[in-house]
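Notes follow once the structure below has been shown.
The values are calculated or read from the model by the stated rules, or taken from the named source; none is laboratory data. Here the structure is a predicted model, which means the values were calculated and not measured. Here the Cβ is made from the backbone with ideal geometry for all residues, glycine too, and neighbour counts use every protein chain on show.
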Amino acid sequence: MYNALLRPLLFSLSSDQAHELTIHAAAWSARNRWSHSLLPFVGVKRRFQPLSGLSTTLWGIHFHHPVGLAAGFDKEGELVPLMQRLGFSHLDIGSMTAKPSNGNPLPRSFRLKRDASLINRMGLNNSGTSSVLRHLDAFKPSIPRSVNIAKTHDPTILGEEGIQDYAQSLSEVLTWGKADLITLNVSCPNTAEGKTFENPDSLSALLSGLDTTIKESPTAPPPILLKLSCDLEKTVLTEITQIAHKKAWIQGFVMSNTSTRRDGLIEPTDRVSAMGKGGLSGKAIAGWSTQSIEWLASSTSHPIIGVGGVFNARDVLEKMQAGASLVQMYTGLVYEGPGVVQRIVSDLTSLMQQKGVETLSPQTAGLLL
Ligand SMILES: Cc1cc2nc3c(=O)[nH]c(=O)nc-3n(C[C@H](O)[C@H](O)[C@H](O)COP(=O)(O)O)c2cc1C
């Protein structure tokens, strides 16, 4: 029903309207649990029991299968019961920022249908870290939840003030004490000042600036992951990895965020140029993100969560073969609909059974391709 009815309906609206409608409907459905009985009509089965060979334990946390929800879809932490019901094995909630922000003016998201991709410049719209954490208190999920923090979308908050802004969110999350993981988003291309913290000097200053917050944490800090973009040259990525390795509290990476690149697209150049600035996501960045995962895996032994253009089982396997232990998706959910996670898990299960592979891991993923 999603492909035949709902998607054509949503795609007849502008990307911004469809986004608003989807998030409102999803938040309503998350609050009204009886509505989950309607999910089979959009391809979400009632019974969902992933094969035990798909599970993995990382950082001492159990994941039933590799596929999680990427940050940005549930910025407010209001969709958790629904996303768990769709079958995701883990969620990255946010990005949330120390101060609330409405983000950028509309239009701020665009569909590139021929590329199965999106461009967005949402601009880190969220109600602020303390408010999002309050939303999260409404439901305790049975799957791991990462809390994703970024710098407030305000061009006047720069340098040392920017570091303090991250520190404030981090301190609130550590005091809250219920995050299974924390993701430090240092790679959002849609910041008001047009800069990220991915530059090695800025990153070094940021991580050193957060040392005190970590030391003073009233609860044992959960593993903290660094979310990077796939626009980095291999040498810069290696430098960033070395900087991250100096901090024992950085225990993994999320690769990748959206891209500022526009090459290799099928959509006509003038149409894409008219969309303006923003981060590209979806199929168009799949290859770049997989390449970056491979580079990252060659310079770290920390676990990597692979993100960028995951739409089906093959995409999961390619990310895992490159070195990812888990994957996340956002744009694939928009294009493939709410049944996509269960479909991927079922396809991975069939492939493992056909090929006699008992456990899925970065080491065995290639056998299934
Ligand atoms: C509309 C939109 C909003 C996003 N917002 C965030 C965000 O707030 N924080 C973040 O870390 N990533 C954000 N992302 C990036 C995604 O989490 C993901 O890294 C990226 O889209 C690549 O994955 P995909 O191809 O599966 O979409 C956003 C992506 C989209 C499309």
Quiz item: Is at least one residue of the range 176-195 in contact with a Pro (Cβ under 7 Å, 6 or more places away or on another chain), modelled with pLDDT under 95 and closer than 30 Å to Gly287 by Cα?
Solution: yes
Practice problem: Could you grab the pairs with beta carbons closer than 7 Å, sequence gap of 6+ or different chains, first residue in the range 142-169 and over 16 Å from Ile182 (Cα atoms), second one of a type in the set (Asp, Glu) and in a helix (DSSP H, G or I)? | Solution: Thr152/Asp165; Ile157/Asp165
Exercise. Test Leu228 against the stated conditions and say whether it is away from the ligand (no atom under 16 Å from the Cβ), hydrophobic (A, V, I, L, M, F, W, C) and crowded, with 23+ Cβ neighbours inside 10 Å.
Key: no
Quiz prompt | When residues of the range 70-90 are limited to those that are among the charged types (D, E, K, R) and part of a loop (DSSP other than H, G, I, E, B), the one farthest from the chain's Cα centre (by Cα) | solution = Glu78
Quiz item: Given the residues Ser89, Ser117, Ser52, Ser101, which is the only one that is among the small types (Gly, Ala, Ser) and either in contact with a Pro (Cβ under 8 Å, 6 or more places away or on another chain) or over 26 Å from Leu225 (Cβ atoms) (or both)?
Solution: Ser89
Practice problem: Please indicate, with yes or no, whether at least one residue in the range 59-70 is closer than 16 Å to Leu326 by Cα, surrounded by fewer than 20 Cβ atoms within 10 Å (Cβ to Cβ), away from the ligand (no atom under 16 Å from the Cβ) and of a type in the set (Gly, Ala, Ser). | Solution: yes
Quiz prompt | Among the candidates Gly306, Gly252, residue that is out of contact with any helix residue (DSSP H, G or I) (no Cβ under 7 Å at 6 or more places or on another chain), touching a residue at least 40 places away in the same chain (Cβ under 8 Å) and either more than 18 Å from Lys113 (Cα to Cα) or surrounded by 23 or more Cβ atoms within 10 Å (Cβ to Cβ) (or both) | solution = Gly252
Quiz item: Given the structure, is Ala192 at negative phi, within 16 Å of the ligand (Cβ to nearest atom) and small (Gly, Ala, Ser)?
Solution: yes
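For every residue, the table says whether it meets (1) closer than 20 Å to Ser256 by Cβ; (2) away from the ligand (no atom under 11 Å from the Cβ); (3) not hydrophobic (A, V, I, L, M, F, W, C).
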| site | (1), (2), (3) |
| --- | --- |
| Arg108 | no, no, yes |
| Lys113 | no, yes, yes |
| Ser130 | no, yes, yes |
| Ala138 | no, yes, no |
| Asn148 | yes, no, yes |
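Within the range 91-107, track down each residue that is in a loop (DSSP other than H, G, I, E, B) and in contact with a His (Cβ under 9 Å, 6 or more places away or on another chain). Can you show your working first?
Going residue by residue through the range 91-107, those that are in a loop (DSSP other than H, G, I, E, B) are 97-100, 102-107.
Residues satisfying the conditions are Thr97, Lys99, Asn102, Gly103, Asn104.
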Practice problem: Identify the single condition in (1) surrounded by fewer than 24 Cβ atoms within 10 Å (Cβ to Cβ); (2) on the phi < 0 side of the Ramachandran plot that Ala116 does not satisfy, given that it satisfies every other one. | Solution: (2)
Practice problem: For the range 39-87, enumerate the residues that are polar (S, T, N, Q) and modelled with pLDDT of 95 or more. | Solution: Ser52, Ser55, Thr56, Thr57, Gln84
Quiz item: Are there any pairs, at least 6 apart or on different chains, whose C-beta atoms fall under 6 Å, with the first in the range 228-242 and at pLDDT 95 or above and the second basic (Lys, Arg), and if so, which?
Solution: none
Quiz prompt | Out of Val334, Val307, Val316, Val327, sole residue that is β-branched (Val, Ile, Thr) and more than 19 Å from Thr56 (Cα to Cα) | solution = Val334
Self-check item: Meets criteria (surrounded by 19 or more Cβ atoms within 10 Å (Cβ to Cβ), under 23 Å from Ile61 (Cβ atoms) and within 13 Å of the ligand (Cβ to nearest atom)) for Ser169
Solution: yes
Quiz item: So Ser146 fits all but one of (1) in a strand (DSSP E or B); (2) surrounded by fewer than 19 Cβ atoms within 10 Å (Cβ to Cβ); what number is the exception?
Solution: (2)
Self-check item: Residues of the range 172-194 satisfying the condition of being surrounded by fewer than 16 Cβ atoms within 10 Å (Cβ to Cβ) and either part of a loop (DSSP other than H, G, I, E, B) or touching a helix residue (DSSP H, G or I) at 6+ places or on another chain (Cβ under 6 Å) (or both)
Solution: Gly177, Lys178, Glu193, Gly194
Self-check item: Leu367, sole failed condition from (1) surrounded by fewer than 21 Cβ atoms within 10 Å (Cβ to Cβ); (2) in contact with a strand residue (DSSP E or B) (Cβ under 9 Å, 6 or more places away or on another chain)
Solution: (2)
Self-check item: Checking Asn257 against (1) within 16 Å of the ligand (Cβ to nearest atom); (2) not basic (Lys, Arg); (3) not in a loop (DSSP other than H, G, I, E, B), the condition it does not meet
Solution: (3)
